[in-house]
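Single-structure report; data block below.
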Amino acid sequence: TALITGASSGMGLAIAEALATAGMNLAITARRAELLDVVAGTARVHGVDVLAAPVNVSDREAAFAFAQTALDQFGKIDVLVNNAGTNSAPRTTAEIDPDDWDHVIRVNLTGAFNFAHALIPPMRQAGGGLIVNIASTAALIPSGMAGSAYSASKAGMRALTININDEEWRNHIRATAIHPGETD
């Protein structure tokens, strides 16, 4: 079973489709319920079970509740894919609205933390798991195109990934950060 955030479009949608095709049950979340319903329907064609619900990943209580519902339904989560992400406009440090900065950090970094924090203890109990954080090349090479908040949030996600590996390898929990370039 995989839990995927940001699963209603883009990379999250492609990941959900690939994992369903491979036979994995899915717990999927994103902001837009109507798009999640389409993804869930497509995944079920492959004979997998799907739990789908809109969740604001930056809302810790909602993230924990969805993770618990997924655990209750499936028994365990083998793979967590932290894919939910956002950006702002304008993106420069001097021009970004401080509320937009906070929003980008909450979604991109705190959202990943929320789901990792909720699922690491059950992964330990299950004997291991995999956490995939969809970061960005902006984590490695910050740029004006990506913007300061996005670059900082994705660099933080990269650091979170490294820390999870350092803390959890003895528990057979692995984490990886994928750093895609600009995507459509």
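List of remarks:
- Cβ pairs under 7 Å, 6+ apart, first in region 62-86 and more than 12 Å from N114 (Cα to Cα) and among the basic types (K, R), second assigned to a helix (DSSP H, G or I) and open to solvent by less than 40 Å² (accessible area, probe 1.4 Å): K76/P122
- Region 151-184 - residue that is open to solvent by less than 50 Å² (accessible area, probe 1.4 Å) and of a type in the set (S, T, Y) and, of those, nearest to I120 (Cα to Cα): T161
- Criterion (of a type in the set (A, V, I, L, M) and more than 30 Å from Q125 (Cα to Cα)) met by exactly one of V50, V55, V45: V45
- Note on region 119-145: among residues that are in contact with an Asp or Glu (Cβ under 8 Å, 6 or more places away or on another chain) and of a type in the set (G, A, S), the one that is surrounded by the most Cβ atoms within 10 Å (Cβ to Cβ) is G129.
- Among residues of region 1-25 that are free of Cβ contacts under 8 Å to residues at least 12 places away in the same chain, none has a Cβ under 6 angstrom from a residue that is open to solvent by 50 Å² or more (accessible area, probe 1.4 Å) at a sequence gap of 6+ or on a separate chain.
- Tally of residues being surrounded by fewer than 15 Cβ atoms within 10 Å (Cβ to Cβ) and over 20 Å from D72 (Cα atoms) across region 1-32: 5
- Total residues in region 50-89, condition surrounded by 24 or more Cβ atoms within 10 Å (Cβ to Cβ) and part of a helix (DSSP H, G or I): 3
- Pick from region 90-118, criterion of a type in the set (A, V, I, L, M, F, W, C), over 14 Å from A155 (Cα atoms) and outside any loop (DSSP other than H, G, I, E, B), ranking: most open to solvent (accessible area, probe 1.4 Å): W101
The values are calculated or read from the model by the stated rules, or taken from the named source; none is laboratory data. Owing to the predicted nature of the structure, the values given are computational and were not obtained by experimental measurement. In this analysis, Cβ positions are derived from the backbone assuming ideal geometry, glycine residues included, and neighbour counts consider all displayed protein chains. Remember, those area values only see protein heavy atoms, side chains included, never the ligands or the DNA or RNA. Shrake-Rupley method; radii C 1.70, N 1.55, O 1.52, S 1.80 Å.
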